[in-house]
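Okay, so here's the structure we're looking at.
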Amino acid sequence: MPATIEMQNLTVQLGNRTILNQLNGALSGRCIGLLGPNGSGKSTLINTLLGFYEPVAGAARIFGKEVKNNLRELRAMIGYMPESDAFIADMTGVRFVRYMAELSGLPRGEAMERAHEAFFYVGLGEARYRKLGTYSLGMKQLAKLAQAIAHGPKLVLLDEPTNGLDPEARIRMLQLVREIRDTGEVSVLISSHLLRDIEECCDQVLILKDGRIAALCNLEEERKANLKFLELEVTQGNGFLESVRGLGCECASFGAGRVRIVLPDNIDLRQIYRTAAEHEVQIRRMNYRRDTLEDIFLKAMAGTPQVAPVQQGSANGSL
Amino acid sequence: MAVYKRTYKAYSGPLTPAWSRFTVLTRYGLKNLFNSRPFTAFTVLCFVPFVGWLIAIYLAHSTTAQLVLGIRVGNSDVVSKLWFLFFVATEAWMGFILAAWGGPGMITQDFANHSVQLYLSRPISRIEYLFGKASVMFILLSCLSWVPALVLFLVQGGLEGHGWIWDNLWLARAILLSCLIGIAMVSLLSMAVAVWVKWRIAATALMFAVFFLFPALGGAISLILRTRWGHVLNFPAMIMIIWGDLFRIAPSGPGGMGPGFYVVPVWAAWASALTMCAACFWLLHSKLKAREVERS
């Protein structure tokens, strides 16, 4: 089965500036997060996937089909929620969504039905006959989501979906994204500045920096890997660290009794307890140290962006 | 996705043919225009000349009706090529006002809230988008121009009899071509200025400027430089020259428009009109984009 999105030396220039520089990689998560600081090329990548910008070199593929040569077919399979306001102020919400669904190819009756359903789905059922110009910012965001999903796309591109939303609306938006993702019928690509949004929804993350890929990692695998990553706070005990190393663990002390341990697969947690007991060491606090998305992001920002093909895999792993 | 279930479900039903998607834009465009009551009222008003001309044709063929009403229209000879040209010109001006009123708004409303990107993110190309919008103007202006003009032509042919229609078939062709040229120019202009200025009022003002200020500018250039070529900026006059040629209107003599009518040669009028259309195409090509590109 082809990856949702593939990039092969994808290079995009706007004017004289190179915005995306030789991007390589395959994104196949159900929900893909697109992270990066301002100007890193997130929106440009989305616009390139939509065919708004033509690459000067390389190619982008969606579901195995090259964007450049299959634009019409791919656009029928894509739902797009832009970052900026995008609506027709004089139209009622449901008419606008119906209009967009008809443009995507749905017959009139089906478009009307799906427009109503989409509005109820995003929680704007009661406001569907109001003109879009009268909607609050949060409602406009939800209306944009409704038009992006009304025609039943296979890939939904969400550009900063939680921008300007209050906490309650943000939670609602993320819940909708997760629900859409969990149906398994649609892939989602979310571009966001907010690491927490990405962490809550996505199973794969692409981090861009200066138009290049800084990191491409699978968050699910990261989470699983982190289960073997212990952070302890212990009373001083002679020989404890040496004994733990003797078990085959990698560990490091940071002073004041703080210890980090990487547990190999064959080592059970009980062995650590036993070793601590043998050395009369009190374990005062223990938690699985999670390498958060923030850590991954900061690491990616600190490192040199990669031009060469990126291997999917762990972004952490060392102490 | 179902209202009662509130769950997302992909769509797997039938789709409309790809070629027909632009008609969605046309349908919604027309409906939006006629949501405005003043616009609808003015559109109805635009049909008044047609009714007037229709009555005039009937009266010209019915001496009895002239006697009953106590008016003198003359005989059927008054219904000439010049008579049809005046009808086309009258309706063209009314159509121009209608296009200036409703045309730019169709596009500026898409630019006002950045919805162009939503259109173009769907299986709709830029050309289809423009074609859909232009079709609104085409339908509207056709209903005001060549359709009623050809109805008048048929009515005149029916009342005149004796093979009048076959003898004057060239006139039907002239009516159709003249109107199509006018519709194309006005539609292109309304879309191009809308895409350029992205503000409905300014776009409407600019349309009027092109049709009223440019002639003044052209006249001034002609006067100052003592040349007749400044008149190529007078687009209404250029269109009239093209129409005059299509309607076989002589510069002078019986049925002529007078020596001042053909102020520049017909080829210059065509060149002027085509240049304007080319400028409109260039504007549409360069300004209609899903995304603005900032150039460094």
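Numbers for the structure displayed
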quantity	calculated
Cβ neighbours within 10 Å from other chains - mean over A:79-88	5
Sum of side-chain charges, A:H116 neighbourhood, beta-carbon under 10 Å (Lys, Arg +1; Asp, Glu -1)	+1
Surrounding net charge for B:L246, when Lys and Arg each add one and Asp and Glu each subtract one, Cβ distance under 11 Å	+2
Degrees separating the helix B:48-61 axis from the principal Cα axis of chain B, which is the longest one	30
Full-extension gain in nm, B:R248 to B:I71, via 0.36 nm per residue minus C-alpha separation	60.7 nm
Farthest positive-ward along segment A:1-112 dipole, Cα basis, beta-carbon charges - from A:T92, A:P2, A:A60	A:P2
Cα gyration tensor category, rounded, prolate or oblate, for segment B:113-229 with a/c compared to 1.5	oblate
Residue-span extension gain [B:W199 to B:T63] - 0.36 nm each, minus C-alpha spacing	43.6 nm
Of B:P148, B:V266, B:P123, farthest towards positive along the dipole that unit charges on Lys, Arg, Asp, Glu beta carbons give segment B:18-287	B:P123
Rg and Dmax of the protein assembly as shown, Cα atoms only, in Å	34.2, 129
Shape call, segment A:69-172: gyration tensor on alpha carbons, a/c limit 1.5	oblate
Simple label model, 7 Å out from Cα along Cβ direction - A:M1 to A:T134, nm	4.4
Antiparallel bridge percentage (DSSP; both residues within the protein assembly as shown; nearest 5)	70
Chain B: angle of helix B:169-197 to the longest principal axis, Cα-based, in degrees nearest 10	40
Cβ-placed point charges (K, R +1; D, E -1), dipole of the protein assembly as shown about Cα centre in debye, nearest 20	800
Entries in A:K131/B:K31; A:K131/A:K154; B:K133/B:K198; A:K144/B:K133; A:K131/B:K289 that, when Cα-Cα distance is taken, lie over 21 Å	A:K131/A:K154; A:K144/B:K133; A:K131/B:K289
Expected-Rg normalisation [2.2 N^0.38 Å, Cα atoms] applied to segment B:10-116	1.66
Volume in Å³ per residue [convex hull over Cα atoms, computed for segment A:55-98]	117
About the Cα centre, charge dipole magnitude for segment A:227-288 (Lys/Arg +1, Asp/Glu -1 at Cβ), debye	160
Rounded, prolate or oblate (a/c below 1.5 giving rounded, otherwise prolate when a/b exceeds b/c) for segment B:18-287 by Cα gyration tensor	oblate
Selection from A:P167, A:A300, A:M81 lying farthest towards where the dipole of chain A points positive, charges on Cβ	A:M81
Two-site label geometry, A:D295 and A:R245: point separation in nm, points 7 Å out along Cα→Cβ	2.1
Rg over Rh, two decimals, segment A:227-288 (C-alpha only, Kirkwood Rh)	0.90
Candidate lysines for bridging to A:K209, where Cα separation is under 18 Å - those fewer than 8 sequence places away on the same chain excluded	A:K42, A:K299
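Rule-based calculations on the coordinates, nothing more; no lab input. Because the structure is predicted, anything quoted here is derived from the model rather than measured. Every residue, glycine as well, gets a Cβ built from its backbone with ideal geometry; the counts of neighbours run over all protein chains shown.
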